[in-house]
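Following: one structure in C-alpha coordinates, then a few remarks.
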Amino acid sequence: MSSIDWPARARDLAPAFADRAEQHDREGSFPFDNFADLRAAGFYGLTVPGRFGGAEASLGTYLAVLEQIARADGSTALAFMMHLKTFGQERESPSYPPEWFERMCTGAVQHGQLVNTVATEEGLGSPAGGGLPDTTAIPDDGGWRLSGRKSFATLAPLLHHLIVLARLPTPDGQPPELANFMVLRTDPGLSIDETWDSLSMRSTGSHDVVLDDIHLTPDRLLNRRALGQGDARGSAGMAWFALGLCATTIGVASAARDYAVAYARERTPNSNRTIKEYPGVRSRIARIDLLVHRSRALMDDASRAWEHRPQHGPPAIDRIVMAKIDTMNNCIEAVDLAMRVVGGVSLQKRRPIERYYRDVRAALHNPPLEDRALDQLARTALDEPYEPPKAAE
Ligand SMILES: Cc1cc2nc3c(=O)[nH]c(=O)nc-3n(C[C@H](O)[C@H](O)[C@H](O)COP(=O)(O)OP(=O)(O)OC[C@H]3O[C@@H](n4cnc5c(N)ncnc54)[C@H](O)[C@@H]3O)c2cc1C
(Lines give C-alpha, C1' and ligand atoms only; values in the text may rest on other atoms or scores of the structure.)
Protein backbone atom coordinates (compact mmCIF):
# COMPACT_ATOMS: atom_id res chain seq x y z
CA MET A 1 0.00 0.00 0.00
CA SER A 2 1.35 3.45 -0.80
CA SER A 3 0.98 6.60 1.25
CA ILE A 4 0.50 8.77 -1.83
CA ASP A 5 -2.72 10.77 -2.04
CA TRP A 6 -3.71 9.43 -5.45
CA PRO A 7 -6.99 11.36 -5.86
CA ALA A 8 -5.07 14.62 -5.17
CA ARG A 9 -2.46 13.60 -7.72
CA ALA A 10 -5.24 12.93 -10.27
CA ARG A 11 -6.71 16.36 -9.46
CA ASP A 12 -3.35 17.91 -10.37
CA LEU A 13 -3.50 16.32 -13.83
CA ALA A 14 -7.13 17.31 -14.43
CA PRO A 15 -6.70 20.88 -15.75
CA ALA A 16 -4.49 19.71 -18.63
CA PHE A 17 -6.95 16.90 -19.44
CA ALA A 18 -9.86 19.35 -19.42
CA ASP A 19 -7.99 21.70 -21.78
CA ARG A 20 -7.38 18.90 -24.26
CA ALA A 21 -10.81 17.28 -24.04
CA GLU A 22 -12.65 19.46 -26.56
CA GLN A 23 -10.20 18.84 -29.37
CA HIS A 24 -9.96 15.09 -28.78
CA ASP A 25 -13.74 14.90 -28.66
CA ARG A 26 -14.17 16.86 -31.91
CA GLU A 27 -11.54 14.84 -33.75
CA GLY A 28 -12.36 11.52 -32.10
CA SER A 29 -8.61 11.30 -31.47
CA PHE A 30 -7.06 9.18 -28.77
CA PRO A 31 -5.59 11.21 -25.85
CA PHE A 32 -2.03 9.88 -26.03
CA ASP A 33 -0.95 13.05 -24.20
CA ASN A 34 -3.18 12.29 -21.20
CA PHE A 35 -1.94 8.72 -21.04
CA ALA A 36 1.68 9.90 -21.15
CA ASP A 37 0.87 12.13 -18.15
CA LEU A 38 -0.86 9.27 -16.31
CA ARG A 39 2.11 7.04 -16.91
CA ALA A 40 4.64 9.66 -15.81
CA ALA A 41 2.67 10.24 -12.60
CA GLY A 42 2.76 6.52 -11.76
CA PHE A 43 -0.91 5.76 -12.36
CA TYR A 44 -0.39 2.75 -14.63
CA GLY A 45 0.41 0.66 -11.53
CA LEU A 46 -2.30 2.15 -9.31
CA THR A 47 -4.19 -1.11 -8.76
CA VAL A 48 -1.27 -3.46 -9.39
CA PRO A 49 -0.31 -5.51 -6.29
CA GLY A 50 2.58 -4.18 -4.21
CA ARG A 51 4.60 -7.36 -4.75
CA PHE A 52 4.91 -6.39 -8.44
CA GLY A 53 5.80 -2.77 -7.72
CA GLY A 54 2.26 -1.37 -7.89
CA ALA A 55 0.42 0.91 -5.45
CA GLU A 56 -2.22 -1.75 -4.69
CA ALA A 57 -4.85 0.96 -4.29
CA SER A 58 -8.11 0.03 -2.59
CA LEU A 59 -11.42 -0.05 -4.44
CA GLY A 60 -12.31 3.29 -2.81
CA THR A 61 -9.10 4.99 -3.97
CA TYR A 62 -9.56 3.64 -7.50
CA LEU A 63 -13.09 5.12 -7.59
CA ALA A 64 -11.94 8.49 -6.25
CA VAL A 65 -9.19 8.67 -8.89
CA LEU A 66 -11.59 7.80 -11.72
CA GLU A 67 -14.05 10.44 -10.60
CA GLN A 68 -11.34 13.12 -10.63
CA ILE A 69 -10.22 12.17 -14.12
CA ALA A 70 -13.81 11.98 -15.41
CA ARG A 71 -14.55 15.49 -14.16
CA ALA A 72 -11.92 16.64 -16.67
CA ASP A 73 -12.40 14.11 -19.46
CA GLY A 74 -14.88 11.23 -19.38
CA SER A 75 -13.20 9.39 -22.26
CA THR A 76 -9.81 9.26 -20.54
CA ALA A 77 -11.42 8.02 -17.33
CA LEU A 78 -13.50 5.31 -19.01
CA ALA A 79 -10.60 4.08 -21.12
CA PHE A 80 -8.16 4.06 -18.20
CA MET A 81 -10.70 2.25 -16.03
CA MET A 82 -10.56 -0.73 -18.40
CA HIS A 83 -6.86 -1.14 -17.60
CA LEU A 84 -7.04 -0.45 -13.85
CA LYS A 85 -9.98 -2.74 -13.11
CA THR A 86 -8.13 -5.76 -14.52
CA PHE A 87 -5.68 -5.77 -11.60
CA GLY A 88 -8.28 -5.06 -8.93
CA GLN A 89 -10.42 -7.97 -10.08
CA GLU A 90 -7.51 -10.33 -10.44
CA ARG A 91 -6.10 -9.43 -7.00
CA GLU A 92 -9.34 -10.54 -5.40
CA SER A 93 -10.38 -13.39 -7.64
CA PRO A 94 -7.50 -14.90 -9.65
CA SER A 95 -8.69 -16.17 -13.01
CA TYR A 96 -5.51 -16.11 -15.15
CA PRO A 97 -2.32 -18.19 -14.84
CA PRO A 98 0.00 -16.48 -12.30
CA GLU A 99 2.81 -16.10 -14.86
CA TRP A 100 0.56 -14.07 -17.14
CA PHE A 101 -0.74 -11.96 -14.29
CA GLU A 102 2.82 -11.19 -13.28
CA ARG A 103 3.67 -10.22 -16.86
CA MET A 104 0.67 -7.90 -17.05
CA CYS A 105 1.63 -6.32 -13.72
CA THR A 106 5.31 -5.79 -14.42
CA GLY A 107 4.45 -4.75 -17.97
CA ALA A 108 2.22 -1.99 -16.60
CA VAL A 109 4.60 -0.78 -13.89
CA GLN A 110 7.94 -1.10 -15.68
CA HIS A 111 7.11 -0.75 -19.36
CA GLY A 112 3.86 1.26 -19.49
CA GLN A 113 1.90 -1.59 -21.06
CA LEU A 114 -1.89 -1.38 -20.92
CA VAL A 115 -4.35 -4.25 -20.77
CA ASN A 116 -8.04 -4.75 -21.51
CA THR A 117 -10.62 -7.43 -22.13
CA VAL A 118 -11.71 -7.64 -25.75
CA ALA A 119 -14.91 -9.66 -25.77
CA THR A 120 -17.73 -7.87 -27.62
CA GLU A 121 -18.48 -8.53 -31.29
CA GLU A 122 -20.90 -7.01 -33.78
CA GLY A 123 -22.89 -10.23 -34.13
CA LEU A 124 -22.59 -11.38 -30.53
CA GLY A 125 -23.33 -8.06 -28.85
CA SER A 126 -22.49 -8.25 -25.18
CA PRO A 127 -21.20 -11.68 -24.04
CA ALA A 128 -23.27 -11.04 -20.90
CA GLY A 129 -26.30 -11.88 -23.07
CA GLY A 130 -25.12 -15.50 -23.09
CA GLY A 131 -24.33 -15.81 -26.82
CA LEU A 132 -21.48 -17.58 -28.57
CA PRO A 133 -18.70 -15.48 -30.14
CA ASP A 134 -17.82 -15.87 -33.82
CA THR A 135 -14.14 -15.50 -32.95
CA THR A 136 -12.79 -19.04 -32.96
CA ALA A 137 -9.63 -20.74 -31.72
CA ILE A 138 -8.73 -23.92 -33.58
CA PRO A 139 -6.20 -26.36 -32.05
CA ASP A 140 -3.02 -26.35 -34.12
CA ASP A 141 0.26 -28.11 -33.56
CA GLY A 142 -0.11 -28.12 -29.78
CA GLY A 143 -1.19 -24.46 -29.80
CA TRP A 144 -4.06 -22.49 -31.32
CA ARG A 145 -4.99 -20.48 -34.39
CA LEU A 146 -7.24 -17.55 -33.57
CA SER A 147 -9.45 -15.66 -36.04
CA GLY A 148 -12.23 -13.14 -35.67
CA ARG A 149 -13.16 -9.49 -35.29
CA LYS A 150 -13.89 -7.71 -32.03
CA SER A 151 -15.75 -4.44 -31.58
CA PHE A 152 -15.68 -1.84 -28.76
CA ALA A 153 -12.03 -2.63 -27.96
CA THR A 154 -11.46 0.36 -25.69
CA LEU A 155 -7.86 1.62 -25.44
CA ALA A 156 -7.06 -0.13 -28.75
CA PRO A 157 -4.48 2.51 -29.81
CA LEU A 158 -2.34 1.73 -26.75
CA LEU A 159 -3.18 -1.83 -25.71
CA HIS A 160 -0.31 -4.26 -25.29
CA HIS A 161 -2.09 -7.16 -23.55
CA LEU A 162 -5.45 -8.08 -25.11
CA ILE A 163 -7.56 -10.67 -23.30
CA VAL A 164 -9.66 -12.07 -26.12
CA LEU A 165 -12.82 -14.15 -25.74
CA ALA A 166 -13.21 -16.94 -28.32
CA ARG A 167 -15.18 -20.15 -28.85
CA LEU A 168 -13.47 -23.50 -28.95
CA PRO A 169 -14.62 -26.24 -31.31
CA THR A 170 -16.31 -29.06 -29.38
CA PRO A 171 -17.40 -32.52 -30.56
CA ASP A 172 -21.06 -32.83 -31.62
CA GLY A 173 -23.39 -33.17 -28.67
CA GLN A 174 -20.97 -31.47 -26.25
CA PRO A 175 -21.87 -28.01 -24.89
CA PRO A 176 -19.99 -25.18 -26.64
CA GLU A 177 -16.86 -23.95 -24.85
CA LEU A 178 -15.53 -20.43 -24.39
CA ALA A 179 -11.95 -19.44 -23.65
CA ASN A 180 -9.90 -16.33 -22.96
CA PHE A 181 -6.61 -16.00 -24.81
CA MET A 182 -3.71 -13.66 -24.28
CA VAL A 183 -2.99 -11.81 -27.51
CA LEU A 184 -0.09 -9.38 -27.69
CA ARG A 185 0.00 -6.24 -29.76
CA THR A 186 3.11 -7.56 -31.50
CA ASP A 187 1.48 -10.83 -32.62
CA PRO A 188 1.56 -11.21 -36.43
CA GLY A 189 -2.04 -11.15 -37.70
CA LEU A 190 -3.32 -8.58 -35.21
CA SER A 191 -4.49 -5.23 -36.56
CA ILE A 192 -6.66 -2.35 -35.41
CA ASP A 193 -9.45 -1.14 -37.69
CA GLU A 194 -10.17 2.45 -36.65
CA THR A 195 -13.95 2.22 -36.67
CA TRP A 196 -14.75 4.14 -33.46
CA ASP A 197 -16.91 7.15 -34.38
CA SER A 198 -19.55 7.44 -31.72
CA LEU A 199 -21.94 9.87 -30.09
CA SER A 200 -20.22 9.75 -26.73
CA MET A 201 -16.86 8.86 -25.20
CA ARG A 202 -15.40 9.67 -28.58
CA SER A 203 -11.78 9.62 -27.41
CA THR A 204 -11.72 6.14 -25.87
CA GLY A 205 -10.23 4.55 -29.01
CA SER A 206 -12.82 1.76 -28.83
CA HIS A 207 -12.00 0.49 -32.32
CA ASP A 208 -12.39 -2.95 -33.88
CA VAL A 209 -9.60 -5.47 -33.39
CA VAL A 210 -9.00 -7.85 -36.29
CA LEU A 211 -7.49 -11.26 -35.50
CA ASP A 212 -6.30 -12.84 -38.71
CA ASP A 213 -5.22 -16.43 -38.16
CA ILE A 214 -2.96 -15.59 -35.22
CA HIS A 215 -0.79 -18.46 -34.06
CA LEU A 216 -0.75 -18.82 -30.29
CA THR A 217 1.46 -21.09 -28.20
CA PRO A 218 -0.40 -23.30 -25.66
CA ASP A 219 0.45 -21.02 -22.73
CA ARG A 220 -1.67 -18.24 -24.28
CA LEU A 221 -4.86 -20.04 -23.21
CA LEU A 222 -5.73 -18.20 -20.00
CA ASN A 223 -8.89 -20.04 -18.96
CA ARG A 224 -11.85 -21.91 -20.43
CA ARG A 225 -15.43 -22.70 -19.47
CA ALA A 226 -18.62 -24.18 -20.87
CA LEU A 227 -21.07 -21.69 -22.42
CA GLY A 228 -23.44 -20.57 -19.68
CA GLN A 229 -20.95 -21.14 -16.88
CA GLY A 230 -20.02 -18.02 -14.89
CA ASP A 231 -16.93 -15.98 -15.70
CA ALA A 232 -14.03 -16.96 -13.39
CA ARG A 233 -13.66 -13.35 -12.20
CA GLY A 234 -17.07 -13.77 -10.55
CA SER A 235 -18.42 -11.00 -8.35
CA ALA A 236 -15.03 -9.30 -8.08
CA GLY A 237 -15.24 -8.69 -11.81
CA MET A 238 -18.59 -7.01 -11.34
CA ALA A 239 -17.48 -4.93 -8.34
CA TRP A 240 -14.47 -3.27 -9.98
CA PHE A 241 -16.16 -2.87 -13.35
CA ALA A 242 -19.64 -1.67 -12.39
CA LEU A 243 -18.44 0.67 -9.64
CA GLY A 244 -15.74 2.03 -11.96
CA LEU A 245 -18.51 2.92 -14.40
CA CYS A 246 -20.38 4.64 -11.56
CA ALA A 247 -17.34 6.75 -10.62
CA THR A 248 -16.76 7.75 -14.24
CA THR A 249 -20.40 8.71 -14.73
CA ILE A 250 -20.57 10.64 -11.46
CA GLY A 251 -17.43 12.53 -12.51
CA VAL A 252 -19.04 13.61 -15.78
CA ALA A 253 -22.29 14.62 -14.03
CA SER A 254 -20.34 16.56 -11.38
CA ALA A 255 -18.55 18.53 -14.09
CA ALA A 256 -21.93 19.41 -15.62
CA ARG A 257 -23.23 20.39 -12.19
CA ASP A 258 -20.28 22.69 -11.56
CA TYR A 259 -20.68 24.27 -14.97
CA ALA A 260 -24.41 24.94 -14.42
CA VAL A 261 -23.83 26.36 -10.92
CA ALA A 262 -21.08 28.73 -12.11
CA TYR A 263 -23.25 29.79 -15.04
CA ALA A 264 -26.33 30.40 -12.88
CA ARG A 265 -24.31 32.55 -10.47
CA GLU A 266 -23.02 34.81 -13.25
CA ARG A 267 -25.48 34.86 -16.09
CA THR A 268 -27.44 38.10 -16.08
CA PRO A 269 -29.39 38.56 -19.29
CA ASN A 270 -30.21 42.13 -20.20
CA SER A 271 -32.49 42.49 -17.26
CA ASN A 272 -31.76 43.24 -13.66
CA ARG A 273 -31.75 39.65 -12.37
CA THR A 274 -29.09 36.99 -12.37
CA ILE A 275 -30.70 33.72 -13.42
CA LYS A 276 -29.98 32.09 -10.06
CA GLU A 277 -32.81 34.25 -8.69
CA TYR A 278 -35.44 32.36 -10.70
CA PRO A 279 -37.25 29.60 -8.79
CA GLY A 280 -37.03 27.19 -11.72
CA VAL A 281 -33.24 27.53 -11.88
CA ARG A 282 -32.90 27.19 -8.10
CA SER A 283 -35.00 24.04 -7.91
CA ARG A 284 -33.14 22.45 -10.83
CA ILE A 285 -29.76 23.10 -9.24
CA ALA A 286 -31.02 21.63 -5.96
CA ARG A 287 -32.32 18.58 -7.78
CA ILE A 288 -28.99 18.08 -9.57
CA ASP A 289 -27.21 18.08 -6.21
CA LEU A 290 -29.71 15.57 -4.86
CA LEU A 291 -29.21 13.23 -7.83
CA VAL A 292 -25.41 13.42 -7.87
CA HIS A 293 -25.10 13.12 -4.11
CA ARG A 294 -27.48 10.15 -4.05
CA SER A 295 -25.40 8.43 -6.74
CA ARG A 296 -22.15 8.95 -4.84
CA ALA A 297 -23.75 7.75 -1.62
CA LEU A 298 -24.93 4.56 -3.31
CA MET A 299 -21.53 3.99 -4.91
CA ASP A 300 -19.74 4.51 -1.59
CA ASP A 301 -22.21 2.24 0.19
CA ALA A 302 -21.63 -0.51 -2.38
CA SER A 303 -17.86 -0.07 -2.27
CA ARG A 304 -17.81 -0.29 1.54
CA ALA A 305 -20.16 -3.26 1.46
CA TRP A 306 -17.88 -5.00 -1.03
CA GLU A 307 -14.81 -4.42 1.14
CA HIS A 308 -16.45 -5.22 4.50
CA ARG A 309 -19.33 -7.61 3.64
CA PRO A 310 -22.04 -6.30 6.02
CA GLN A 311 -24.11 -8.69 8.15
CA HIS A 312 -27.36 -6.80 7.53
CA GLY A 313 -29.17 -5.36 4.55
CA PRO A 314 -28.81 -6.33 0.90
CA PRO A 315 -25.78 -8.43 -0.10
CA ALA A 316 -22.80 -6.44 -1.44
CA ILE A 317 -23.30 -7.60 -5.00
CA ASP A 318 -26.92 -6.40 -4.97
CA ARG A 319 -25.81 -3.01 -3.67
CA ILE A 320 -23.37 -2.83 -6.56
CA VAL A 321 -26.08 -3.38 -9.17
CA MET A 322 -28.38 -0.93 -7.33
CA ALA A 323 -25.62 1.68 -7.49
CA LYS A 324 -25.05 0.99 -11.18
CA ILE A 325 -28.73 1.29 -12.16
CA ASP A 326 -29.42 4.36 -10.06
CA THR A 327 -26.19 6.18 -10.92
CA MET A 328 -26.76 5.85 -14.66
CA ASN A 329 -30.32 7.15 -14.47
CA ASN A 330 -29.61 9.86 -11.87
CA CYS A 331 -26.60 11.22 -13.71
CA ILE A 332 -28.32 11.29 -17.10
CA GLU A 333 -31.16 13.23 -15.47
CA ALA A 334 -28.74 15.54 -13.62
CA VAL A 335 -26.92 16.52 -16.83
CA ASP A 336 -30.24 17.04 -18.59
CA LEU A 337 -31.26 19.43 -15.79
CA ALA A 338 -27.91 21.21 -16.05
CA MET A 339 -28.56 21.78 -19.76
CA ARG A 340 -31.93 23.31 -18.90
CA VAL A 341 -30.32 25.63 -16.36
CA VAL A 342 -27.76 26.87 -18.88
CA GLY A 343 -30.40 27.19 -21.61
CA GLY A 344 -29.92 27.47 -25.38
CA VAL A 345 -26.18 28.06 -25.29
CA SER A 346 -25.74 24.64 -23.63
CA LEU A 347 -26.06 23.24 -27.16
CA GLN A 348 -23.00 25.09 -28.43
CA LYS A 349 -20.08 22.87 -29.33
CA ARG A 350 -17.62 25.28 -27.75
CA ARG A 351 -19.11 24.64 -24.31
CA PRO A 352 -18.08 21.47 -22.45
CA ILE A 353 -21.60 20.87 -21.13
CA GLU A 354 -22.64 19.63 -24.57
CA ARG A 355 -19.94 16.94 -24.31
CA TYR A 356 -21.02 16.00 -20.77
CA TYR A 357 -24.55 15.50 -22.09
CA ARG A 358 -23.28 12.92 -24.59
CA ASP A 359 -20.61 11.28 -22.40
CA VAL A 360 -22.89 10.69 -19.43
CA ARG A 361 -24.90 8.16 -21.48
CA ALA A 362 -22.11 5.75 -22.40
CA ALA A 363 -21.82 3.59 -19.28
CA LEU A 364 -25.50 2.77 -19.57
CA HIS A 365 -24.51 0.36 -22.35
CA ASN A 366 -21.90 -1.46 -20.29
CA PRO A 367 -22.70 -4.34 -17.94
CA PRO A 368 -24.61 -4.84 -15.81
CA LEU A 369 -27.39 -3.63 -18.10
CA GLU A 370 -30.54 -2.50 -16.37
CA ASP A 371 -32.82 -5.43 -17.22
CA ARG A 372 -30.30 -8.02 -16.07
CA ALA A 373 -29.49 -5.99 -12.97
CA LEU A 374 -33.16 -5.76 -12.01
CA ASP A 375 -33.52 -9.47 -12.64
CA GLN A 376 -30.71 -10.10 -10.14
CA LEU A 377 -32.40 -7.96 -7.48
CA ALA A 378 -35.72 -9.72 -8.10
CA ARG A 379 -34.05 -13.13 -7.75
CA THR A 380 -32.60 -12.18 -4.36
CA ALA A 381 -35.96 -10.91 -3.15
CA LEU A 382 -38.17 -13.63 -4.59
CA ASP A 383 -36.15 -16.81 -5.11
CA GLU A 384 -33.56 -16.91 -2.29
CA PRO A 385 -34.52 -18.64 0.99
CA TYR A 386 -37.01 -16.38 2.72
CA GLU A 387 -36.37 -14.77 6.09
CA PRO A 388 -39.52 -13.13 7.45
CA PRO A 389 -38.97 -9.56 8.62
CA LYS A 390 -38.37 -9.40 12.39
CA ALA A 391 -41.03 -7.64 14.43
CA ALA A 392 -40.01 -4.22 15.69
CA GLU A 393 -39.03 -4.38 19.34
C1 LIG B 1 -17.98 3.27 -24.46
C2 LIG B 1 -17.99 1.77 -24.48
C3 LIG B 1 -16.82 1.08 -24.23
C4 LIG B 1 -16.81 -0.33 -24.30
N5 LIG B 1 -15.63 -1.01 -24.10
C6 LIG B 1 -15.59 -2.35 -24.23
C7 LIG B 1 -14.35 -3.07 -24.09
O8 LIG B 1 -13.31 -2.49 -23.81
N9 LIG B 1 -14.36 -4.42 -24.30
C10 LIG B 1 -15.50 -5.10 -24.63
O11 LIG B 1 -15.44 -6.31 -24.80
N12 LIG B 1 -16.68 -4.45 -24.77
C13 LIG B 1 -16.76 -3.10 -24.57
N14 LIG B 1 -17.96 -2.42 -24.72
C15 LIG B 1 -19.15 -3.18 -25.14
C16 LIG B 1 -20.18 -3.37 -24.04
O17 LIG B 1 -19.66 -4.07 -22.94
C18 LIG B 1 -21.37 -4.16 -24.63
O19 LIG B 1 -20.93 -5.42 -25.02
C20 LIG B 1 -21.95 -3.45 -25.83
O21 LIG B 1 -22.34 -2.14 -25.47
C22 LIG B 1 -23.14 -4.20 -26.40
O23 LIG B 1 -24.03 -4.53 -25.37
P24 LIG B 1 -25.61 -4.50 -25.57
O25 LIG B 1 -26.16 -5.23 -24.42
O26 LIG B 1 -26.08 -3.13 -25.81
O27 LIG B 1 -25.81 -5.28 -26.95
P28 LIG B 1 -26.62 -6.55 -27.27
O29 LIG B 1 -26.05 -7.72 -26.56
O30 LIG B 1 -26.69 -6.59 -28.76
O31 LIG B 1 -28.05 -6.24 -26.69
C32 LIG B 1 -28.98 -5.34 -27.32
C33 LIG B 1 -30.15 -5.12 -26.39
O34 LIG B 1 -30.80 -6.36 -26.09
C35 LIG B 1 -30.79 -6.63 -24.69
N36 LIG B 1 -30.41 -8.04 -24.45
C37 LIG B 1 -29.49 -8.76 -25.14
N38 LIG B 1 -29.40 -9.99 -24.64
C39 LIG B 1 -30.28 -10.06 -23.62
C40 LIG B 1 -30.65 -11.06 -22.70
N41 LIG B 1 -30.11 -12.29 -22.72
N42 LIG B 1 -31.59 -10.78 -21.75
C43 LIG B 1 -32.15 -9.56 -21.70
N44 LIG B 1 -31.83 -8.55 -22.56
C45 LIG B 1 -30.91 -8.80 -23.50
C46 LIG B 1 -29.70 -5.71 -24.12
O47 LIG B 1 -29.98 -5.37 -22.77
C48 LIG B 1 -29.77 -4.50 -25.04
O49 LIG B 1 -30.80 -3.65 -24.62
C50 LIG B 1 -18.00 -1.03 -24.62
C51 LIG B 1 -19.20 -0.31 -24.82
C52 LIG B 1 -19.20 1.07 -24.76
C53 LIG B 1 -20.51 1.80 -25.00
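Would you confirm whether or not region 135-151 contains a residue that is part of a strand (DSSP E or B), within 18 Å of the chain's Cα centre (by Cα) and either within 16 Å of the ligand (Cβ to nearest atom) or in the same structural domain as residue 248 (by TED's automatic domain parsing) (or both)? Within region 135-151, one or more residues are part of a strand (DSSP E or B), within 18 Å of the chain's Cα centre (by Cα) and either within 16 Å of the ligand (Cβ to nearest atom) or in the same structural domain as residue 248 (by TED's automatic domain parsing) (or both).
Per-residue answers, yes or no, for (1) closer than 22 Å to residue 239 by Cβ; (2) touching a residue at least 24 places away in the same chain (Cβ under 8 Å); (3) aliphatic (A, V, I, L, M):
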site: 5; (1), (2), (3): no, no, no
site: 10; (1), (2), (3): yes, yes, yes
site: 14; (1), (2), (3): no, yes, yes
site: 22; (1), (2), (3): no, yes, no
site: 37; (1), (2), (3): no, yes, no
site: 61; (1), (2), (3): yes, yes, no
site: 66; (1), (2), (3): yes, yes, yes
site: 69; (1), (2), (3): yes, yes, yes
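The residues listed here are 92, 102, 121; of these, the one that is of a type in the set (Asp, Glu), within 10 Å of the ligand (Cβ to nearest atom) and not assigned by TED's automatic domain parsing to the domain that holds residue 375 is 121.
Can you find a residue in region 47-59 that is open to solvent by 40 Å² or more (accessible area, probe 1.4 Å), closer than 18 Å to residue 114 by Cα and not assigned by TED's automatic domain parsing to the domain that holds residue 259?
yes
For region 18-40, the criterion of being within 15 Å of the ligand (Cβ to nearest atom) and either in the same structural domain as residue 358 (by TED's automatic domain parsing) or in contact with a Pro (Cβ under 8 Å, 6 or more places away or on another chain) (or both) is met by at least one residue. Restricting the first member to region 109-130 and to residues that are assigned to a helix (DSSP H, G or I), and the second to residues that are open to solvent by less than 40 Å² (accessible area, probe 1.4 Å) and more than 11 Å from the ligand (Cβ to nearest atom), the beta-carbon pairs closer than 6 Å and six or more apart or on different chains are 109/45; 109/48; 109/54. No other residue among 218, 188 is of a type outside the set (Ser, Thr, Tyr) and closer than 27 Å to residue 35 by Cβ apart from 188.
Just one of the listed residues (66, 84) is open to solvent by less than 10 Å² (accessible area, probe 1.4 Å), at pLDDT 95 or above and more than 15 Å from residue 159 (Cβ to Cβ), namely 66.
Checking 231, 219, 289, 212 one by one, the residue that is surrounded by fewer than 22 Cβ atoms within 10 Å (Cβ to Cβ) and assigned to a strand (DSSP E or B) is 212 and no other. The residues in region 235-279 that are part of a helix (DSSP H, G or I), over 30 Å from residue 62 (Cβ atoms) and open to solvent by 30 Å² or more (accessible area, probe 1.4 Å) can be counted, and the count is 6. Among the residues of region 109-127, the ones that are over 15 Å from the mean Cα position of the chain (by Cα) and of a type in the set (Gly, Ala, Ser) come to 3 in all. Residues in region 191-209 that are part of a strand (DSSP E or B) and either among the acidic types (Asp, Glu) or open to solvent by less than 30 Å² (accessible area, probe 1.4 Å) (or both): 193, 207, 208, 209. Given the criteria over 30 Å from residue 316 (Cβ atoms), open to solvent by 50 Å² or more (accessible area, probe 1.4 Å) and in contact (Cβ under 8 Å) with a residue 40 or more places away in the chain, does residue 186 qualify? Spelling it out, it is not the case that residue 186 is over 30 Å from residue 316 (Cβ atoms), open to solvent by 50 Å² or more (accessible area, probe 1.4 Å) and in contact (Cβ under 8 Å) with a residue 40 or more places away in the chain.
Yes/no per residue for (1) out of contact with any Leu (no Cβ under 9 Å at 6 or more places or on another chain); (2) of a type outside the set (Gly, Ala, Ser):
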residue	(1), (2)
5	yes, yes
9	yes, yes
19	yes, yes
22	yes, yes
27	yes, yes
32	no, yes
37	no, yes
49	yes, yes
54	no, no
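The requirement of being crowded, with 18+ Cβ neighbours inside 10 Å and within 16 Å of the ligand (Cβ to nearest atom) is not satisfied by residue 329.
Scanning region 2-46 for residues that are exposed (fewer than 15 other Cβ atoms within 10 Å of the Cβ), over 26 Å from residue 207 (Cα atoms) and among the small types (Gly, Ala, Ser) yields a count of 3.
For region 101-149, the candidate set comprises residues that are among the β-branched types (Val, Ile, Thr) and surrounded by 15 or more Cβ atoms within 10 Å (Cβ to Cβ); within that set, the residue that is farthest from residue 229 (Cα to Cα) is 109.
Considering region 347-385, the residues that are open to solvent by 100 Å² or more (accessible area, probe 1.4 Å) and not in a helix (DSSP H, G or I) include one that is farthest from the ligand (Cβ to nearest atom), namely 385. Does residue 224 satisfy being touching a strand residue (DSSP E or B) at 6+ places or on another chain (Cβ under 6 Å), basic (Lys, Arg) and in contact (Cβ under 8 Å) with a residue 12 or more places away in the chain? The answer is yes for residue 224. Residue 334 fulfils the conditions (1) surrounded by fewer than 19 Cβ atoms within 10 Å (Cβ to Cβ); (2) among the small types (Gly, Ala, Ser); (3) under 26 Å from the mean Cα position of the chain (by Cα) except for a single criterion, (1).
The values are calculated or read from the model by the stated rules, or taken from the named source; none is laboratory data. Since the structure is predicted, the reported quantities are computational estimates derived from the model, not experimental observations. For neighbour counting, all protein chains shown are included, and Cβ atoms are generated from backbone atoms with ideal geometry for every residue, glycine included. These accessible areas exclude ligands, DNA and RNA; they are computed on the full protein's heavy atoms, side chains included. Shrake-Rupley method; radii C 1.70, N 1.55, O 1.52, S 1.80 Å.
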